[in-house]
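Structure, as structure tokens:
Since every read-out is calculated from the coordinates, none of them should be taken as a lab result. Everything quoted here is computed from the prediction, not taken from an experiment. Because the Cβ atoms are built from the backbone with ideal geometry, glycine has one as well, and the counts that use them run over all protein chains shown.
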Amino acid sequence: MGDFMDKNTVLICVAIVLVVLIAWFIGTLNRLRKYRVIIEESQKNVDIALAKRYDTICQMLKVAQSFAKYEKTTLVDLVSLREGLGSADSSSVIKNQNHAIGKIFALAEAYPELKSSEQFLNLQEEINDENEQLAAAKRIVNSNISTLNQNIVTFPVSLIANLSGIKQMDFLSEDDLNDKKNIDSILS
């Protein structure tokens, strides 16, 4: 009878350990998947900020066109900005938009009446606000990516990540600081 109780006790202990390990595995996998959803949601906020910024750039283009009728080639090049908006590569969309903003501000330098236009000045302020919102949205995405990546590289969670195919994600890159300095110098 003693051997029977010992075998049952061992089987019960093994069963409990297996149940705990399976529950931990499922919980950890669900947590990693939840991080992915949170990252996707925060990336949508970046897309929204980019769309809003695009709309402001389009308004700036319309104002610039009214002042600079002979600059069609400069302005027509900027119309294709929306391509790629909402794509996974928001960094290239941001660079394209920054390039467009730089061209618009360079154009404003050539047309002082445009640069001093109240509507243009209001749009300039709006772009500054949207740049701050975009930067905040990018910080949130990068923070969420950091949380996921930290979990993925930690043992034993790394085993679950490898088994389920969850890999580290790249951070959203910061705009080229030299470009940013050039745009800021145009603004002032």
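Miscellaneous remarks
- The relative contact order of the stretch 2-166, computed from alpha carbon pairs under 8 Å that lie at least 6 residues apart in sequence, is 37 percent.
- Contour minus Cα-Cα distance for Glu109 and Arg31 (0.36 nm per residue): 22.9 nm
- Calculated FRET efficiency for the pair Ala136/Ser116, C-beta based, R₀ 30 Å, to 0.05: 0.50
- Mean Cβ neighbour count within 10 Å, used as a protection proxy, ranking 153-162, 107-116, 12-21 highest first: 107-116, 153-162, 12-21
- The slack in the chain from Gln59 to Ile16, taken as 0.36 nm per residue of separation less the alpha-carbon distance, amounts to 9.0 nm.
- Between Lys52 and Ser173, the contour length at 0.36 nm per residue exceeds the alpha carbon distance by 41.6 nm.
- Normalised convex hull volume, the stretch 2-166, alpha-carbon set, Å³ per residue: 105 Å³
- Using the average count of surrounding beta-carbon atoms within 10 Å as a protection proxy, the listed peptides 26-37, 141-152, 46-57 rank, highest first, as 46-57, 141-152, 26-37.
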